[in-house]
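For reference, the structure discussed in these notes is given below.
Bear in mind that the values in this text are calculations on the coordinates, not laboratory data. As the structure is a computational prediction, the values presented were derived from the model and not from experiment. Quick reminder, even Gly has a Cβ in these numbers, built from the backbone with ideal geometry, and neighbours come from all protein chains shown.
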Amino acid sequence: MFDSGFGGLSVARSLIDLLPGEDVVYVGDTGRYPYGSKPLEEVAGYARQIAGRLVGEHDVKLIVVACNTAAAAALHLLRFELDVPVVGVIEPGARAAVSATRNKRVGVIGTVGTVASGAYQRAVSDADRSVVLTSAACPGFVEFVERGQTEGDEVTVLAERLLAPVKEAEVDTLLLGCTHYPFLARVIGDVMGPEVVLVSSADETAFEVREIMERTGLVRRTEGKGEHRFISTGDARWFRRVGRRLLGPELDKVGTWSWG
């Protein structure tokens, strides 16, 4: 699985808890983050490069694109090019949000690239055309998480400003359309209020991965715990320090990749 940095660790946490016997290789492309402000064509190139290396060097049996921007840019391309199942975070999250809403008003927040791609608009429409979707880009959220700053006055003030459009739309369900955002769930929840359900795609993606693996016979039948490898394309010491705080003790050693 891979992400531009630390956000995909929310998906990794769910996967490790749900499928403890599976080996996990996580790549955080911190040497080139953030993805959200970059052209989708550029992000698609990064995604192809990382996915190809995961298949070629680690012989993975399934890939999770644990980044909404990368999924919007390259999911269909990767599914066409690779011989292993490829799971994104957009469709599972959209289905869960549609199931959770009571008033048919759903909000989605994400990076500039994800929101501009229209990926969530299409996914929600495919799940239920009667749902009214309000989208809002939240530049700055990713950078706070990458710095390990997930609460405090600065984050709250930014959240109040960026979440205003979805609050005004009177949504009863808010989809966190970036895998970094669950780490800001407490602040986002406080700003939105207790009547709004927050939906994270992390758990839903993990459930979809398990379903695919069980259906295709890929689940590892073992009582032992899987091996967890973490790789950074940037500063490995920084990745370990921040990532361990976000994920937990499983994130111990961090390897490095370079692109030459």
| request: Treat every Asp and Glu Cβ in the chain as -1 and every Lys and Arg Cβ as +1, leave all other atoms uncharged, and give the resulting dipole magnitude about the Cα centre to the nearest 20 debye. | output: 220 debye
| query | Can you tell which of A94, Y26, A74 lies farthest toward the positive end of the dipole of the stretch 4-107, using +1 and -1 charges on the Cβ of basic and acidic side chains (Lys, Arg; Asp, Glu)? | reply | A94
| the stretch 87-162: trypsin sites (Lys or Arg not before Pro) in DSSP coil with no more than 13 other Cβ atoms inside 10 Å | R102, R129, R147
| Check: the stretch 90-201 dipole with +1 on Lys, Arg Cβ and -1 on Asp, Glu Cβ, in debye | 400 debye
| note | For 231-238, 252-259, ranked highest to lowest by mean beta-carbon neighbours within 10 Å, the order is 231-238, 252-259
| query | What is the distance, in nm, between label points placed 7 Å from the Cα along the Cα-to-Cβ direction at F80 and at E227? | reply | 3.5 nm
| query | For V199, which sequence-distant residues (separation of 5 or more, or a different chain) have an amide H within less than 5 Å of its own amide H, given hydrogens modelled in the peptide plane? | reply | L174, L175, L176
| query | Which GluC sites (Glu not before Pro) does the stretch 15-50 hold that lie in a coil by DSSP with at most 12 other beta carbons within 10 Å? | reply | none
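Taking Rh as the Kirkwood radius computed over C-alpha pairs, what is the Stokes-Einstein D of the stretch 100-153 at 20 °C in a medium of viscosity 1.002 mPa s, expressed in µm² per second? Kindly include the intermediate steps, with their values, before the conclusion.
On the way: Rh = 12.6 Å.
Roughly 170 µm²/s, to the nearest whole number.
Sort D3, D17 by Cβ crowding within 10 Å, fewest neighbours at the top. Write down the numbers at each step before the final one.
Details: D3 30, D17 11.
With the sparsest Cβ surroundings first, the list reads D17, D3.
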| Among L247, I50, S117, whose Cα lies farthest out toward the positive end of the dipole of the chain, if unit charges sit on the beta carbon of Lys, Arg (+1) and Asp, Glu (-1)? | I50
| remark: The exposure ranking of L175, L184, fewest beta-carbon neighbours within 10 Å first, is L184, L175
| query | Could you give me the ³J(HN,Hα) list for the stretch 219-224, computed from phi with Karplus coefficients 6.51, -1.76, 1.60 and θ = phi - 60°, whole Hz, x at Gly and Pro? | reply | 5, 7, 8, 8, 8, x
| said: Please check: in the Gaussian network model of the chain (C-alpha springs, under 10 Å), which one of D128, D23, D153 has the largest mean-square fluctuation. | reply: D153
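Find, among the GluC sites (Glu not before Pro) in the stretch 155-260, those assigned to loop by DSSP (not H, G, I, E, B) with at most 15 other beta-carbon atoms within 10 angstrom. Working shown, then result.
Details: sites: E160, E168, E170, E195, E204, E208, E211, E214, E223, E227, E250; in loops: E170, E195, E223, E227, E250.
Answer in residue order: E170, E195, E223, E227.
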| request: Per DSSP H run of at least 4 residues, take -39500 (n - 2.57); add these up for the chain, divide by its residues and hand me the 222 nm value, nearest 500 deg cm²/dmol. | output: -14500 deg cm²/dmol
| request: Could you work out the equivalent-ellipsoid semi-axes for the stretch 103-260, taking the square root of 5 times each eigenvalue of the Cα gyration tensor, largest first, in whole Å? | output: 30, 23, 15
| field | Paramagnetic label zone (point 7 Å from Cα along Cα-to-C-beta, L18; backbone N under 18 Å) in the stretch 188-204 | value | 198-204
| task | Can you tell me the 0 to 90 degree angle between the C-alpha axis of helix 68-81 and the longest principal axis of the chain, rounded to 10? | result | 50 degrees
